[in-house]
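This report refers to the structure that appears directly beneath it.
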Ligand SMILES: [Mg+2]
C-alpha cells in the first residue's frame, strides 16, 4: 500500500547530524589536549566506558529521574569513577565545558542528508522532532547547514517531555497543524523515535544505521541508508 504523506518529522542526532562521528572527534581532541592518557589505557577504552554510561544517563534523563545538569556532570565524571581514580572532578568538568562548547560547531552530517532533504524540501512539510536542548540543536543545525530545510523545530525541552512519550508527538502534530494520518516520523532510535510515533498513530521510518535487530517491533518502513527514504517518498 502506498500512502501519501504531507508532513515529515525527522529526528536530528544520528539521523541527520552525525552525532557519533562529531562527538567522537570532539572527545578525541579533548582527550589528547587535556592529557587523559595519564588516566586511561586508550581513547577507545575511555569512550567505551563513557558511551555505556552515557546511554543509561540519557534514559534516566528521559524518565525525569535526573536533571540536565546532573546528566552533563555525571557522564563526564563517571569514567574516572569506573577506573577508581579520585581527584579528577575539575578536569572532567573542564572536559564537559569544552565539549559542550565545541560540539555545536561541528558540521558533520550523515551521508545523504543534504541530498535527501534538498529533494524533499518544497514537496513536503519538513520538521525536526528531537529530544535535545534548544541552544545546542539550533547551533548544530546551523553549523551543518541543515537549518534551511525545516518549517519548524520541535524539541522535548519545549514541553519537558521526551520521546517516546506520546504527549510529545501530539504536541508536535498540534504545533505544526499536522494530522497523524498523513505524517511520517524518521529516526534512528527504535525505542524513542519509532515506538513513540507508533503509539501516537504516526507511520514510521526506522533508519537502522547500525544493523540492530528490531526484536518484536515492526516499523512501517525500515531503511539502512538515508537515500532509501526517496523511494518511500517519491
Ligand atoms: Mg537519534
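Readers should treat all values here as calculations from the given coordinates under stated rules, not as data from a laboratory. Note that the structure is a prediction, hence the values are computed from the model and not measured. Neighbour counts are summed over all protein chains in view; Cβ atoms, including those assigned to glycine, are modelled from backbone coordinates with ideal geometry.
Starting from 0.36 nm per residue, how many nanometres of slack lie between residue 138 and residue 102 once their C-alpha separation is accounted for?
11.6 nm
Output the 0 to 90 degree angle, nearest 10, between the alpha-carbon long axis of helix 68-82 and the longest principal axis computed from the alpha carbons of the chain.
With rounding to tens, the tilt is 50 degrees.
Between residue 225 and residue 39, what length in nm is gained on full extension when 0.36 nm per residue of separation is reduced by their alpha carbon distance?
Full extension from residue 225 to residue 39 adds 63.2 nm.
When the Cα centres of the range 1-48 and the range 60-130 are compared, how far apart do they sit, in Å?
For the range 1-48 versus the range 60-130, the Cα centre distance is 8 Å.
Report the per residue volume, in Å³, of the convex hull enclosing the C-alpha atoms of the range 20-105.
94 Å³
So what is the 222 nm mean residue ellipticity for the chain from helices alone, if each DSSP H run of at least 4 adds -39500 (n - 2.57) and you divide by all residues, rounding to the nearest 500 deg cm²/dmol?
After summing the helix terms and dividing by the residues of the chain, the value is -13500 deg cm²/dmol.
Describe numerically, in nm with one decimal, the distance between label points set 7 Å from Cα along Cα→Cβ at residue 68 and at residue 151.
Taking the simple label geometry, residue 68 and residue 151 are separated by 2.7 nm.
Where does the chain land on Rg(C-alpha)/(2.2 N^0.38 Å)?
For the chain, the normalised Cα radius of gyration comes out at 1.05.
With the contact rule set at Cα under 8 Å and sequence spacing of 6 or more, what percent relative contact order holds for the chain?
Value for the chain: 24 percent.
Between 159, 47, 202, where does the largest GNM mean-square fluctuation fall for the chain, given springs only between Cα atoms within less than 10 Å?
159
Could you grab the relative contact order for the range 20-105? Cα pairs under 8 Å, six or more apart, rounded to a whole percent.
In percent, rounded to a whole number, it is 35.
Cα axis of helix 19-33 to longest principal axis of the chain: angle in degrees, 0 to 90, nearest 10?
Here the helix axis deviates by roughly 10 degrees.
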